[in-house]
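Participant: Here's a structure for you.
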Amino acid sequence: MASAATPVNENRPAWLRDNHLFQAWLVLMLAIIFGTCLAAVHINLSDRIAENKLNESLERIPGLIWNEGQGGTSVDIVSGKIVVKKEDRTLYYPVFKVTDEGKLAGWVVKAAGQGYSGSIELLLGLNPAGDIISGLFILEQTETPGLGNKITFPDWLDQFPGQGTKAPLMVVKGGQTPPGAIDAITGATISSKSVVGIVNRAVSETRGLLTPEHIQFVERSQ
Amino acid sequence: MANLPTPLERFVQGILPENPVYRQFLGLCPTLAVTNGLKPALTMALAVGFVLLCANVIISLIRSLLKPHLRIVIFTLTIATFVTIVDRVLAAYMYQMSKTLGPYIPLIIVNCIIICRCEVCASRQSVTAAAADAVGQSIGFGLALVSIAVVREILGTGMLAGYQVLPDAWPDWVIMVLPPGAFLTFGLLMALVNWIDAIRTEKNTGRG
């Protein structure tokens, strides 16, 4: 069956037959067709996927402000973004303002950065004044399973709540953690340092900006 | 052409006689990685089934246009397209499952079952045979994943698809849901399949 197409090629001039682009016409055509299909799929689904991601963040937020079991009675979360102006560029931090019965309960900042084997995205909970960390959750990471992915484990993340943000957090090895220090995961020092680095950068870049005047709030559709 | 299997033979062969996991040893990465629970295993089997069916049908439709030195490129292109569609659909409609399966959905692109079926069957036979082959192989792959997942989830957590099946007194064998459990279960089930096969061959030759 496959031989049916061969004689057609024999009639073509040699320069055309040997041309690589001509030989690959089917590949190129399929690439265009498939590319169009994927674009259509992406256009149809990307909003929904973004919404799923946002909902996941929203679900996590109360746990980053309050301890488990505690929490407000009528929690309201408003999302927005902090505009951080640097000398040469402008950065945006997605931020969630958490209120309970109309009173400010805390802030949750979404930050990202480079880890050991890919980018790490995390949610950082801060108290209303922004000077104490109230929680940390890793949204996305691709660190080494068994070593680096321990950054998502609660027993490691539990070192963060209660830490002050006046001075950058340090990473120490060997299990001794004075205040202001985070114990590195054995075998995953780089992953540990990456997370602490992302937290420190987010804290220093949003310092003094966690006030309603500096945040562009997103109008909610509902 | 005459000695190629018929669509029905292709379908039946995929399920047990040429089971992709237990007989061809293909697609072992998802087999070991996502079988710590029944739900991810079923999702993976369905995802692979969908990609395999679509890829087989498309390759079979364009089989007369394939050039020998460009066929692998076309197989990969087709497979990658459908895998991306599956990946996006999962992220949109089954977000938690998509996070559980993580990189293993994009990794279907390099799943040897699909490229093997494109090469062995779809690039040589009619659309009917290619589709029957895809369905048969998918059922075979699904059975293999489910057989491993059932053993691992029950022994590892005492539950099946999230429902308690063993009494609470069962000490969960945590190792079964960890990577070593995948190798242990796969090895033991493989031995079982080979043992049954050996007995059957012995009986047949004894009678014959």
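Please treat every number below as a calculation from the coordinates, not as lab data. In this text, all values refer to a predicted model and were calculated from it rather than measured experimentally. Glycine gets a Cβ as well: all are built from the backbone with ideal geometry, and neighbour counts include every protein chain shown.
Participant: Post the alpha-carbon centroid distance, region A:35-102 to region B:62-86, in whole angstrom.
Facilitator: Using only Cα atoms to place each centre, the spacing works out to 38 Å.
Participant: Would you mind counting up the charge near B:Pro68? Only other residues with Cβ under 13 Å from its Cβ, with Lys and Arg at +1 and Asp and Glu at -1.
Facilitator: So the surrounding residues net to +3.
Participant: Taking Rh as the Kirkwood radius, which is the inverse of the mean 1/r over Cα pairs, what is the Rg/Rh value for the protein assembly as shown?
Facilitator: On the way: Rg = 27.3 Å, Rh = 25.6 Å.
Over the Cα atoms of the protein assembly as shown, Rg/Rh equals 1.07.
Participant: Over chain A, what is the relative contact order in percent, taking alpha-carbon pairs closer than 8 angstrom and at least six residues apart? List each step's numbers first, then the result.
Facilitator: Values: 327 pairs, mean separation 33.4, N = 222.
Reported as a whole number, the value is 15 percent.
Participant: Let me ask something additional. Within region B:169-186, find all residues whose amide N lies under 15 Å from a label point positioned 7 Å from the Cα of A:Phe153 along Cα-to-beta-carbon.
Facilitator: Backbone N within reach: B:175, B:178-179.
Participant: Let me ask something additional. Among the aspartates and glutamates, select those whose C-alpha is under 19 Å from the C-alpha of A:Lys193, and discard any that sit fewer than 8 residues away in the same chain.
Facilitator: Cross-link targets: A:Glu121, A:Glu140, A:Glu143, A:Asp155, A:Asp158, A:Asp183, A:Glu205.
Participant: Sticking with this one: In whole angstrom, note down how far apart the Cα centers of region A:126-200 and region B:184-205 are.
Facilitator: Using only Cα atoms to place each centre, the spacing works out to 50 Å.
Participant: Could you work out the relative contact order of chain B? I mean the mean sequence separation of Cα pairs under 8 Å and 6+ apart, divided by the number of residues, in percent.
Facilitator: On the way: 262 pairs, mean separation 69.0, N = 208.
Once divided by the residue count of chain B, the mean separation gives 33 percent.
Participant: Taking the Cα centre of the protein assembly as shown as origin, work out the dipole magnitude from +1 charges on Lys and Arg Cβ and -1 charges on Asp and Glu Cβ, in debye rounded to 20. Intermediate results must be reported in sequence, preceding the final value.
Facilitator: Values: 33 positive and 32 negative charges, 223 e Å.
I would put it at about 1080 debye.
Participant: Expressed as a rounded percentage, what relative contact order does region B:120-208 have, with Cα pairs under 8 Å and six or more residues apart? Don't skip to the answer; put the middle values down first.
Facilitator: On the way: 49 pairs, mean separation 16.6, N = 89.
Once divided by the residue count of region B:120-208, the mean separation gives 19 percent.
Participant: P(r) tail for chain B, what percent of Cα pairs lie past 27 Å?
Facilitator: Values: 7930 of 21528 pairs.
Cα-Cα pairs in chain B separated by more than 27 Å: 37 percent.
Participant: Please state the shape class of region A:107-159: rounded when a/c is under 1.5, otherwise prolate if a/b exceeds b/c and oblate if not, all from the C-alpha gyration tensor. Mind dumping the intermediate values first?
Facilitator: Values: a/c = 3.35, a/b = 1.75, b/c = 1.92.
Note, shape of region A:107-159 comes out oblate.
Participant: Once the Cα gyration tensor of region B:53-122 is found, what semi-axes does its equivalent ellipsoid get, as square roots of 5 times the eigenvalues, in whole Å, sorted largest first? Don't skip to the answer; put the middle values down first.
Facilitator: Numbers: eigenvalues 139, 24, 16 Å².
Over the Cα atoms of region B:53-122, the semi-axes work out to 26, 11, 9 Å.
Participant: Where does each of B:Leu28, A:Leu126 land when they are ranked from fewest to most other beta-carbon atoms within 10 angstrom? Walk me through the numbers on the way to the answer.
Facilitator: On the way: B:Leu28 17, A:Leu126 24.
Ordered from fewest to most neighbouring Cβ atoms within 10 Å, B:Leu28, A:Leu126 come out as B:Leu28, A:Leu126.
Participant: Once amide H atoms are built 1.01 Å from N in the peptide plane, which residues 5 or more positions from A:Val171, or in another chain, come under 5 Å H to H?
Facilitator: A:Ile182
Participant: To the nearest 10 degrees, how steep is helix A:189-205 against the longest Cα principal axis of chain A, on a 0 to 90 scale?
Facilitator: 70 degrees
Participant: Based on DSSP, what percent of beta bridges with both residues in the protein assembly as shown are antiparallel, to the nearest 5? Don't skip to the end; give the middle numbers.
Facilitator: Working: 37 of 40 bridges.
Antiparallel: roughly 90 percent of the beta bridges in the protein assembly as shown.
Participant: Here's something else I'd like to know. By count of other Cβ within 10 Å, fewest leading, how are A:Glu140, B:Glu153 ordered? Could the numbers behind the result be given before it?
Facilitator: Numbers: A:Glu140 16, B:Glu153 25.
By the 10 Å Cβ count, ascending, the order reads A:Glu140, B:Glu153.
Participant: In whole Hz, with x marking every Gly and Pro, tabulate ³J(HN,Hα) for region B:110-118 from phi via Karplus 6.51 cos²θ - 1.76 cosθ + 1.60, θ = phi - 60°.
Facilitator: Result, rounded to whole Hz: 9, 5, 5, 4, 5, 5, 5, 5, 4.
Participant: Measure nothing fancy, just the Cα-based angle from helix A:25-65's long axis to the longest principal axis of chain A, in degrees from 0 to 90, nearest 10.
Facilitator: With rounding to tens, the tilt is 10 degrees.
Participant: Can you give me the angle between helix B:38-61 and the longest principal axis of chain B, using Cα atoms only, in degrees from 0 to 90, rounded to the nearest 10?
Facilitator: Helix B:38-61 sits at roughly 0 degrees to that axis.
Participant: Size of region B:91-208 along its principal axes in angstrom, Cα-based, largest extent first?
Facilitator: The principal-axis extents, from largest down, are 52, 52, 22 Å.
Participant: For chain A, count all C-alpha to C-alpha pairs, find those more than 34 Å apart, and express that count as a whole percent of the total.
Facilitator: On the way: 8271 of 24531 pairs.
The proportion of pairs with Cα distances above 34 Å equals 34 percent.
Participant: Cβ neighbours within 10 Å, averaged per peptide: list B:196-205, A:183-192, A:106-115, A:44-53 in order, most packed at the top. Working shown, then result.
Facilitator: On the way: B:196-205: 10.1, A:183-192: 18.8, A:106-115: 21.1, A:44-53: 14.2.
Highest mean packing first, the order is A:106-115, A:183-192, A:44-53, B:196-205.
Participant: Run down the lysines and flag those whose C-alpha is under 19 Å from the C-alpha of A:Lys86, throwing out any fewer than 8 positions away in its chain.
Facilitator: A:Lys110
Participant: Give the cross-link partners of B:Lys39 among the lysines, using a straight C-alpha distance below 22 Å as the criterion and excluding same-chain residues fewer than 8 apart.
Facilitator: Counting by Cα, and skipping residues close in sequence, B:Lys39 has these lysines nearby: A:Lys53, B:Lys99.
Participant: While we're on this one: To make sure I understand, if each residue's beta carbon is the centre and we count other beta carbons within 10 Å, what order do A:Trp66, B:Trp173, A:Trp25, A:Trp15 fall in, fewest to most?
Facilitator: Working: A:Trp66 19, B:Trp173 16, A:Trp25 13, A:Trp15 8.
Placing the least packed residue first, the sequence is A:Trp15, A:Trp25, B:Trp173, A:Trp66.
Participant: Shifting gears a bit: Once you charge only the Cβ atoms, +1 for Lys and Arg and -1 for Asp and Glu, what is the size of the charge dipole of region B:124-208 about its Cα centre, to the nearest 20 debye? Before the final figure, lay out the partial values.
Facilitator: On the way: 5 positive and 6 negative charges, 81 e Å.
Rounded to the nearest 20 debye, it is 400 debye.
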